[in-house]
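Visitor: For reference, the structure I am asking about is given below.
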Amino acid sequence: AGLNIWGCKGEVPEAAKKDFIEILKHLEGALGEKDFFGGHSFGFVDIILIPITCWFYALEKFGGFKVKEECPKFSAWKDRCMGREAVAKVLADPEKVYEFLIMFRKMKGIE
């Protein structure tokens, strides 16, 4: 399962989008009411998960949805993590990731 943005022409299939959102909802459930996955402090699980969030902007654009609307607690967690200077400095710019995907898809003749 996952959101296939590499090889789909046009919009992402509804089933792939639904699967991706379902995965985020599971993560949101594991987060619960905590600030971070380990509790009140940024920890190992947060370090492992936060890099995938730089792809969310592209996934939202190709999938026609907003993570914040589908999974508000997970989105708030992402914002808390991105508020940490050490995190914000090392993650790729989401708009650059989106531009890369557009270029990649054009190279492959998808767009």
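Visitor: With part of a helix (DSSP H, G or I), among the hydrophobic types (A, V, I, L, M, F, W, C) and modelled with pLDDT under 95 as the only criterion, which of I102, I110 stands out?
Guide: Of I102, I110, the one residue that is part of a helix (DSSP H, G or I), among the hydrophobic types (A, V, I, L, M, F, W, C) and modelled with pLDDT under 95 is I102.
Visitor: Under 7 Å between Cβ atoms, at least 6 apart or on separate chains: pull out the pairs that start in segment 88-111 with a residue that is without any contact (Cβ under 8 Å) to a residue 60 or more places away in the chain and of a type outside the set (D, E, K, R) and end on any residue that is part of a helix (DSSP H, G or I) and open to solvent by 50 Å² or more (accessible area, probe 1.4 Å).
Guide: A88/M82; L91/P51; P94/Y57; V97/W55; V97/Y57; Y98/Y57; Y98/K61
Visitor: Does segment 24-52 hold any residues that are in a loop (DSSP other than H, G, I, E, B) and out of contact with any strand residue (DSSP E or B) (no Cβ under 9 Å at 6 or more places or on another chain), and which are they?
Guide: Result: G32, E33, K34, D35, F37, G38, H40, S41.
Visitor: Checking G43 against (1) modelled with pLDDT of 90 or more; (2) open to solvent by 70 Å² or more (accessible area, probe 1.4 Å): exactly one of these is not met. Which one?
Guide: (2)
Visitor: How many residues does segment 53-69 hold that are part of a helix (DSSP H, G or I) and either open to solvent by less than 70 Å² (accessible area, probe 1.4 Å) or among the hydroxyl-bearing types (S, T, Y) (or both)?
Guide: The qualifying residues number 10.
Visitor: Could we say that K17 is under 14 Å from the mean Cα position of the chain (by Cα), open to solvent by less than 70 Å² (accessible area, probe 1.4 Å) and modelled with pLDDT under 95 here?
Guide: Yes.
Visitor: Related question: Where residues in segment 70-111 are open to solvent by 40 Å² or more (accessible area, probe 1.4 Å) and β-branched (V, I, T), which of them is nearest to C54 (Cα to Cα)?
Guide: V90
The values are calculated or read from the model by the stated rules, or taken from the named source; none is laboratory data. Since the structure is predicted, the reported quantities are computational estimates derived from the model, not experimental observations. Reconstructed Cβ throughout: ideal geometry from the backbone, glycine too, with neighbour counts over all protein chains shown. Side chains included, ligands, DNA and RNA excluded: accessible areas come from the protein's heavy atoms. Shrake-Rupley method; radii C 1.70, N 1.55, O 1.52, S 1.80 Å.
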